[in-house]
Amino acid sequence: MRRTTRGERGAALLTAMLIVTLVASLAAAMVWRQARAVQVEAAERARSQAGWILVGALDWARLILREDAFANRNAPVDHLNEVWAVPLAESRLSTFLAADRDKAAADDGPEAFLSGSIEDAQGRYNLRNLVDGSDTALEQRVFQRLCDMAGISASQAQQFALQLRTSLTAAKPASAPASDSGKRDASDTANAVLPPQRIEQLRWLGLDELALARLSPWITLLPKKTPVNLNTAPREVIAALAEGMDLGAAERLVQARKSKELSNVNDAAAYFPAQAMPQADRVSVNSNYFLVTARLRLDDRLVEERALVERQGRDVRVLDRQRLTPGSTPPRP
């Protein structure tokens with residue numbers, strides 16, 4: 001028999017080691033791909049679960065607003081002492097799902113925590129009034145006073161209002177009044193940008209990050225012209241509504257409504273300067289638009305969503321839904 005040389009034995013050993021290394025690498029790659037697939041599937045399942053839970057939270061908020069409308073059907077008044085205005089503190093979801101079971105059953109539920117709030121969108125100044133208002137010069141002065149409180153220059157405020165009017169006017173349906181040639185004037189659309197639908201999109205019109213951050217607690221952008229609800233508006237918005245109204249008088253109104261809400265707009269007349277009470281179509285004590293924010297913490301994931309809803313009677317419909325980036329400042333419509 002032919003004797004195996006030392007070189008042949010070394011080559012065989014090297015080949016065997018290479019084969020073992022190759023098999024180990026392939027096995028490790030297969031295990032990694034399987035683990036990755038499990039992670040992706042788990043993330044997709046968690047995303048789907050979170051989505052359905054947030055849909056349920058939104059339906060719950062709609063139910064609250066619907067019942068509030070039924071309770072106030074004879075005297076529609078919306079204020080901050082109502083049930084809808086109380087935010088939901090972070091609560092374990094299993095306590096809701098196992099409300100009729102014992103504590104042990106509730107503890108077996110998923111590590112999911114839900115929180116949220118309902119805000120009155122008409123408690124802020126609606127920028128749509130700058131375009132659709134019957135007196136745009138008056139609305140421009142209101143917006144300018146808000147900009148003054150936010151530290152925004154008059155020139156920047158005027159330029160922004162012009163850009164907003166241009167973009168929203170250009171976006172109106174073709175049935176809007178046309179020029180003599182049957183087409184819109186070129187000045188209506190020459191410098192128009194895509195019309196914003198949410199507050200954070202106002203950056204398109206020239207507002208920088210700092211100016212937008214200062215204004216965002218006081219403004220909103222709703223589908224149509226709306227009055228400001230004096231029962232829910234902050235003092236800055238109330239002070240901006242009328243000439244000669246200062247923050248001190250607005251603060252007195254805010255403090256007074258805490259003990260007793262305004263049942264009609266005439267109840268607020270004593271807090272405004274003489275002959276400066278806003279017209280009835282510019283202020284109100286009830287609202288049709290609300291912002292619903294839901295925040296879900298599921299294991300190590302955080303999901304947040306904001307929706308704009310419109311209430312007409314007992315019909316509450318969703319106009320816009322937006323998934324927010326965790327940790328970011330929730331944008332407003």
For region 125-284, the dipole about the Cα centre with charges only on Cβ (Lys and Arg +1, Asp and Glu -1), to the nearest 20 debye, works out at 340
Phi-based couplings in Hz for region 20-31 (Karplus 6.51, -1.76, 1.60; Gly and Pro marked x): 4, 4, 5, 5, 4, 5, 5, 5, 4, 5, 5, 5
Can you give me the long-range amide H partners of Val283? Hydrogens built in the peptide plane at 1.01 Å from N, cutoff under 5 Å, separation of 5 or more residues or another chain. Val228
Using 0.36 nm times the number of residues separating Asn264 and Val31, minus their current alpha carbon distance, what extension gain do you get? 77.0 nm
If you split all Cα-Cα distances of region 125-284 into 10 Å bins from zero, what percentages do you get per bin, shortest first? 10, 37, 31, 16, 5, 0
Could you list which residues have their amide H under 5 Å from that of Ile219, counting only those 5 or more apart in sequence or on another chain, with H placed in the peptide plane? Tyr125
Which of the aspartates and glutamates could a cross-linker span from Lys260 if the Cα-Cα distance has to be under 14 Å and same-chain partners fewer than 8 positions apart are dropped? Asp78, Glu82
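Bear in mind these aren't lab numbers, they're just calculated from the coordinates by the rules spelled out. In this text the structure is predicted, and so the values were computed from the model without any measurement. FYI the Cβ positions are ideal-geometry reconstructions off the backbone, even for glycines, and counts take in every protein chain you see.
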